[in-house]
1. Taking Ala26, is it surrounded by 10 or more Cβ atoms within 10 Å (Cβ to Cβ), in a helix (DSSP H, G or I) and out of contact with any Leu (no Cβ under 6 Å at 6 or more places or on another chain)?
2. Checking the condition surrounded by 10 or more Cβ atoms within 10 Å (Cβ to Cβ), at pLDDT below 90 and assigned to a loop (DSSP other than H, G, I, E, B), which residue from Pro43, Pro11 passes?
3. Among (1) among the acidic types (Asp, Glu); (2) modelled with pLDDT of 90 or more; (3) more than 18 Å from the chain's Cα centre (by Cα), where does Glu34 come up short?
Amino acid sequence: MQLRYSFRLYPDTAQAAALARAFGCARVVFVRREVALSERNRPSEEEHRALL
C-alpha cells in the first residue's frame with residue numbers, strides 16, 4: 001500500500017528570511033557550477049584555431 005501526504009508550510013517572517021537566504025545561496029552555487037562546467041567543456045583559443 002502506498003500513501004501520499006500533501007501539506008503546506010506557512011513560515012513566519014524570520015523563517016521566511018532564513019529560507020530565502022538559504023535558497024539564494026544555493027542558487028549562487030548552482031549558477032557558478034554551471035558556468036565552471038561550461039567553461040571546462042569549451043575549447044580553448046588554441047584548440048579553436050586548430051579546428052578551423
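The values are calculated or read from the model by the stated rules, or taken from the named source; none is laboratory data. Here the structure is a predicted model, which is why all the values come from computation and not from measurement. Cβ atoms come from the backbone with ideal geometry, glycine included; neighbour counts cover every protein chain shown.
1. Numbers: surrounded by 10 or more Cβ atoms within 10 Å (Cβ to Cβ): yes; in a helix (DSSP H, G or I): yes; out of contact with any Leu (no Cβ under 6 Å at 6 or more places or on another chain): yes.
Judged against the criteria, Ala26 is a match.
2. Values: Pro11 fails: at pLDDT below 90.
None of the other options fit; the residue is Pro43.
3. (3)
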